[in-house]
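This report refers to the structure that appears directly beneath it.
Rule-based calculations on the coordinates, nothing more; no lab input. Computed from a predicted structure; not experimentally measured. Note: ideal-geometry Cβ built from the backbone for every residue, glycine included; neighbour counts use all protein chains shown.
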Amino acid sequence: MPFDNLFQHTPAINPEQVHEIIKNKPIDDYCLLDVRQPQEHAQGRLPGSILIPLNELNFRFSELDPEKPTIIYCRSGSRSASATNFLISSGFDDVLNMSGGIMRYNGLIASGSPESAEVCFGGNNYNAVQLAATAWILEDGTIKFIEGLCHDVLNDHEPALFDKILAAKKAHQASLVDVATEVKQGALSPDFPDGEIECPAEPMMVGCIKVSEALNWARDKGMNDLLELMMSLSANAYDFYLKLERTTSSTEEKRVYGLLAAEEHNHLDRLTEAYETDISYR
């Protein structure tokens, strides 16, 4: 089964359409959700929006009405894409990501993550080994991105936080191999994940972003942009592992995916703290 079949595009709306909605519809007809940090929200926000930072959404989404159309925005469209995917997987039917974020809404050129990041998990026909293999592929892509980011973009002057996340990602891969081995109850393909799933032609990381495109994008970006992308990646990975946890009836698989999800959310919290520190000095 092709790797790309596991994903589908995140539903989006452009800022011009959002402007018309704000202008012509009563605020009670829809929810406008800001997933940036409080400092950013205080500096400028869309009228009528409510604030739930991305790293708080997992335990605060019950404050939202799942029956009401929800438009989500952030600075550049990266974090809001992750939030959109999370709400969809949490049972919200009518959720849209404002592409380009508030920067595009304000007429600036958005510097958010590559557009290919706007995809979410949508496959139901993969078996447990293929799902573990898919997660391994995405982790491998994220490892390649972080290594390239640190070496080629930051010239080995990376934050210690990136080192810690890199080490955790490699540990995640080992856990995924263990899950796949246990599920298959026999030897995996010697060139795992090849042999278990049709691998993408080039490395992709969580969010289905091509590593090469992300590294090219990163070369002229500041640390706040890089941290925002990393926040989005961690949020996507958190959501992905929660979905994998829901797909299995195996107690051991649930345990492993639950632990990986929790660790991804810890990464998101640490990245959010680093991002808040960075924007406070801008």
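For this structure, a couple of remarks:
- For the stretch 87-108 versus the stretch 152-171, the spacing of their alpha-carbon centroids is 29 Å.
- Label positions at Ala187 and Asn127, each projected 7 Å from the Cα along the C-beta direction, are separated by 1.8 nm.
- When each full DSSP H helix of the chain is screened for a Cα extent of at least 24 Å along its own axis and an average Kyte-Doolittle hydropathy of at least 0.5, the helices passing are 128-148.
- For Leu215 and Thr251, the difference between the fully extended length at 0.36 nm per residue and the C-alpha to C-alpha distance is 9.2 nm.
- Size of electric dipole in the chain: Cβ of Lys, Arg +1 and of Asp, Glu -1, about Cα centre, debye, nearest 20: 440
- Globularity index of the stretch 8-119, i.e. its alpha-carbon radius of gyration over 2.2 N^0.38 Å: 0.95
- Farthest positive-ward along the chain dipole, Cα basis, beta-carbon charges - from Pro159, Gly100, Gly44: Gly44
- Extension gain, Thr277 back to Arg45 (0.36 nm per residue minus Cα-Cα distance, nm): 81.5 nm
- The stretch 208-268 - charge dipole about Cα centre, Lys and Arg +1 at Cβ, Asp and Glu -1, debye rounded to 20: 100
- Pairs spanning more than 23 Å between alpha-carbon atoms, out of Lys170/Lys254; Lys184/Lys254; Lys144/Lys254: Lys144/Lys254.
- Kirkwood hydrodynamic radius (C-alpha pairs) into Stokes-Einstein, the stretch 122-279, 10 °C and 1.306 mPa s, D in µm²/s: 99
- Debye intensity ratio I(q)/I(0), log10, the chain, q values 0.17 Å⁻¹ (C-alpha model): -1.40
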